[in-house]
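Here the structure comes first, spelled out in structure tokens, and everything after it is commentary.
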Amino acid sequence: MLKVNSLDVYYGSLKTLNGISIRVEERELVSVIGANGAGKSTLLNAIAHIIQPRKGTIHFIDRDVTFVTAPQMTKLGVTLVPEGRQLFGTLTVLENLEIGAYPRYYPWGGEKKASRTIAEDMERVYNLFPVLRERCKQSAGTLSGGEQQMLAIGRALMSEPKLLMTDEPSLGLSPIMKTTVLGAFGRLRDEGLTILLVEQDMEMSLRMAMRAYVMENGRIVLEGKGMELLENKEVKQHYLATN
């Protein structure tokens, strides 16, 4: 579904991604792990075209999307749940979810062909996160951190993504909320949604992943099946704090 080949990304004169190549097959959950500053968020932002790569190519469903815009990527079915959620705090939960469905409409108001209706996807989000149904008329800014993260994921799902990318979804959450949020990705994976996950809890991330990549200083240094990397001696020593 997604193929990134030899991607270089710069912030000014600073090279932050160096020759990154990854692939994500349809219906896979693929994790990217690494220390802070390794370039994981930059990789997601480059795929989403929030930042533009200097070199390399990005293909999505056999189409070269290296030079398309961020809104075009969303319309093609690539949706990013950013670090920090970035909700519309003064709007209600329902209004945030409705905004998430905006990419499903052409500018003149005609609805794109979809496998489900917007109402069906709204119900899907509420079934995934029942608390959002209870809070649907509440301002997003008054939700707890975990509830806001659920809303950010739900808003992304409302765009009917083919590939869902998420950046540090459990950051700052309580253990109970973290289990709930990450468990939702397991459910979505089991339903067949393709997911590219960057997550600070590297052990849980590897356990959930079908395949995973390890990033270090803007490069991919290891790749393999999630459970294989979980047992890798180097990964245990440098990233899981175990021997």
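Among the residues of the range 88-104, the one identified as of a type in the set (S, T, N, Q), in contact with a Ser or Thr (Cβ under 9 Å, 6 or more places away or on another chain) and not in a loop (DSSP other than H, G, I, E, B) is Thr92.
Could you please find all residues in the range 123-149 being closer than 14 Å to Phe88 by Cα and among the hydrophobic types (A, V, I, L, M, F, W, C)? Across the range 123-149, the qualifying residues are Cys136, Ala140, Leu143.
Would the range 52-64 turn up any residue that is in the same structural domain as Ala212 (by TED's automatic domain parsing), surrounded by 21 or more Cβ atoms within 10 Å (Cβ to Cβ) and not aliphatic (A, V, I, L, M)? Give the derivation first.
Here is the first cut: in the range 52-64, the residues in the same structural domain as Ala212 (by TED's automatic domain parsing) are 52-64.
Subset that is surrounded by 21 or more Cβ atoms within 10 Å (Cβ to Cβ): 53, 58, 60.
Right, trim to not aliphatic (A, V, I, L, M) and you get 53, 60.
Within the range 52-64, one or more residues are in the same structural domain as Ala212 (by TED's automatic domain parsing), surrounded by 21 or more Cβ atoms within 10 Å (Cβ to Cβ) and not aliphatic (A, V, I, L, M).
With the requirement that a residue be of a type in the set (A, V, I, L, M, F, W, C) and exposed (fewer than 15 other Cβ atoms within 10 Å of the Cβ), what does the range 209-226 give you? Can you show your working first?
Taking the range 209-226 and keeping what is of a type in the set (A, V, I, L, M, F, W, C), we get 209-210, 212, 214-215, 220-222.
Matches in the range 209-226: Val221 only.
Assuming Glu160 fulfils every condition listed in (1) among the acidic types (Asp, Glu); (2) modelled with pLDDT of 95 or more; (3) within 26 Å of Thr42 (Cα to Cα) apart from one, which condition is it? Answer for Glu160: the failing condition is (2).
Determine, yes or no, whether Gly224 is modelled with pLDDT under 95 and over 24 Å from Ala70 (Cβ atoms).
Working: modelled with pLDDT under 95: no; over 24 Å from Ala70 (Cβ atoms): yes.
Here the answer is no, as Gly224 does not meet what is asked.
If I go through the range 17-61 residue by residue, how many of them are of a type in the set (Val, Ile, Thr) and assigned to a loop (DSSP other than H, G, I, E, B)? Number of matching residues: 3. Considering only the range 201-216, I want to know if a residue exists there that is under 25 Å from Ala46 (Cα atoms), without any contact (Cβ under 8 Å) to a residue 40 or more places away in the chain, acidic (Asp, Glu) and touching a Ser or Thr at 6+ places or on another chain (Cβ under 8 Å). Among the residues of the range 201-216, at least one is under 25 Å from Ala46 (Cα atoms), without any contact (Cβ under 8 Å) to a residue 40 or more places away in the chain, acidic (Asp, Glu) and touching a Ser or Thr at 6+ places or on another chain (Cβ under 8 Å), which makes the answer yes. Looking only at the range 62-85, residues that are in a helix (DSSP H, G or I) and of a type in the set (D, E, K, R) come to 1 in all. Any residue in the range 119-142 that is surrounded by 11 or more Cβ atoms within 10 Å (Cβ to Cβ), at pLDDT below 90 and either in the same structural domain as Leu94 (by TED's automatic domain parsing) or part of a strand (DSSP E or B) (or both)? No, there is no match, as no residue in the range 119-142 is surrounded by 11 or more Cβ atoms within 10 Å (Cβ to Cβ), at pLDDT below 90 and either in the same structural domain as Leu94 (by TED's automatic domain parsing) or part of a strand (DSSP E or B) (or both). The residue that is surrounded by the most Cβ atoms within 10 Å (Cβ to Cβ), counting only those in the range 1-20 that are farther than 15 Å from Arg219 by Cβ and in contact with a strand residue (DSSP E or B) (Cβ under 9 Å, 6 or more places away or on another chain), is Leu2.
When Arg23, Arg104 are checked against the criterion of being charged (D, E, K, R) and either touching a strand residue (DSSP E or B) at 6+ places or on another chain (Cβ under 6 Å) or outside the structural domain of Asp121 (by TED's automatic domain parsing) (or both), Arg23 stands alone in meeting it.
The values are calculated or read from the model by the stated rules, or taken from the named source; none is laboratory data. These figures come from a predicted structure and were not determined experimentally. Note that we place each Cβ from the backbone using ideal geometry, even for glycine, and neighbour counts take in every protein chain shown.
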